[in-house]
Structure formats: structure tokens, C-alpha cells
Ligand SMILES: Nc1nc2c(c(=O)[nH]1)N[C@H]1C(S)=C(S)[C@@H](COP(=O)(O)O)O[C@H]1N2
Ligand SMILES: [Mo]
């Protein structure tokens, strides 16, 4: 296919997806899987890695890699939308449903926000009711394979209905918090919630 034909078929696909209500405003389709990470990829050592839960829960928990892999998983196919204007359709992920994690943790009514804490200090905040949606998970497989370092190995959150910066790579802890706490990009001026269909890109207009 020539570049011209490729561009045309992408446009047609975009138009179709827009009509089906799947392409948010201001987004373009990508077939590739772009990598967006602020800083280096952490080294993953399955012997020492762990994931912990803390805050407004009855049972503060910590899993090592083997324990985490033994938890029941779900597999979902969803669309993802990056604030830098690319969308990717029909991506398939496997991981542990956040709902299940919240149940194991004994989530308290006082937990209103979930803050993901990642290697190298990246954080992001999501309201608890959003995390409770059935396709929100701690993902460790993409397309049937373990995550690559570029895409967040070994574990990332996946919150497909919000802009993709809310899906935290290299996640090491989930904080169940009473108060909201804007994360890395939210503090830098991105929107606190980030609904792609409402184009909630920036928190303060003109900041970027
Ligand atoms: N720990 C961490 N998670 C992160 C980021 C990051 O820089 N560090 N970037 C975010 C952004 S802006 C996007 S668009 C997605 C990109 O995921 P991908 O590289 O797998 O496409 O990861 C998000 N999660
Ligand atoms: Mo992003």
C-alpha cells in the first residue's frame, strides 16, 4: 500500500470509529503501540519485587511476584487514549481486577481515591468508583504475553475509560485515600480526572 492509500484507509477507519462513538474528539488512530515514560524503566527482579496496599483498608497486604501471579485474573479487550492524541483500538490485557483487590484488602467506606505509586516516584490518582469498574485491573499481560519493560513490566494499572496517563506503569503500591492527591501529571497541569470523551486534557486552561 502506498503512503497515500494508508492515510486514506486510516481516515476511513477513524471516521467509522467516530460514528460508532469510539474515537474521542481530537484523537487519531495508531496501529503501533507508542511508548511514553517519564524517566528510565526500572529493573524487575522477580525475587525482590513486591506490591503493597495501604491506607483505608482492613487488611494491609503485600504480595511478592509469585503470590501476585497466583491471584485470579480477568482478560479484557478495550480501547486506549493517550492525551498526546493517539488512540489504539482493541487492545487485550490480562490481570487482577481492582474490584477483587479491593475485596481482599477489605476496603473501607472512607476510601474515596486510589493513588498508584510507581518505581521512580510516578503517581496518579483515580476516584474509587472509577477503579471499581469491571474492566479496571492490575495488568501484567498484553496480547497474551507478559508486559515488556517499556509498557510497564511487571505490573501496571489499566483504567481504559480515562486518558492513558492514569494507567500507571511499574506500579508498586496502591494507596486507599480519604483525600484526593493529584499525581505526577495532574500536578504538572493535566486534568485531575481526564475523561477523553470530554477532552479533559488540561487542568488549568493554557497551562500547556
Ligand atoms: N510509571 C509511569 N507510568 C506511566 C507513565 C510514566 O511516565 N511512568 N506515563 C503515562 C503516560 S503519559 C501514558 S500515555 C502511558 C503510556 O503507556 P505505554 O508506554 O505503554 O503506551 O503510561 C502512563 N503511565
Ligand atoms: Mo500520555
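The values are calculated or read from the model by the stated rules, or taken from the named source; none is laboratory data. Nothing here was measured: the structure is a model prediction, and the numbers come from that model. A quick note on method: Cβ atoms are made from the backbone with ideal geometry, for glycine too, and the neighbour counts reach across all protein chains shown.
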| query | Among 129, 94, which is out of contact with any strand residue (DSSP E or B) (no Cβ under 6 Å at 6 or more places or on another chain) and surrounded by fewer than 21 Cβ atoms within 10 Å (Cβ to Cβ)? | reply | 129
| message | I'd like to know if the stretch 12-27 contains one or more residues that are part of a strand (DSSP E or B) and either under 28 Å from residue 102 (Cβ atoms) or modelled with pLDDT of 95 or more (or both). | response | no
| query | If you take just the strands (runs of 3 or more DSSP E) that sit entirely in the stretch 125-201, which of them hold at least 2 residues that are over 10 Å from the mean Cα position of the chain (by Cα)? | reply | 137-142, 171-177
| request: Among the candidates 111, 105, 173, single out the residue that is surrounded by fewer than 17 Cβ atoms within 10 Å (Cβ to Cβ), over 16 Å from residue 195 (Cα atoms) and in contact (Cβ under 8 Å) with a residue 60 or more places away in the chain. | output: 173
| All but one of (1) away from ligand 2 (no atom under 14 Å from the Cβ); (2) surrounded by 21 or more Cβ atoms within 10 Å (Cβ to Cβ); (3) at positive phi hold for residue 137; which doesn't? | (3)
| note | Listed by range, strands (runs of 3 or more DSSP E) wholly within the stretch 36-118 having at least 3 residues that are within 16 Å of ligand 2 (Cβ to nearest atom) are 74-81, 86-97
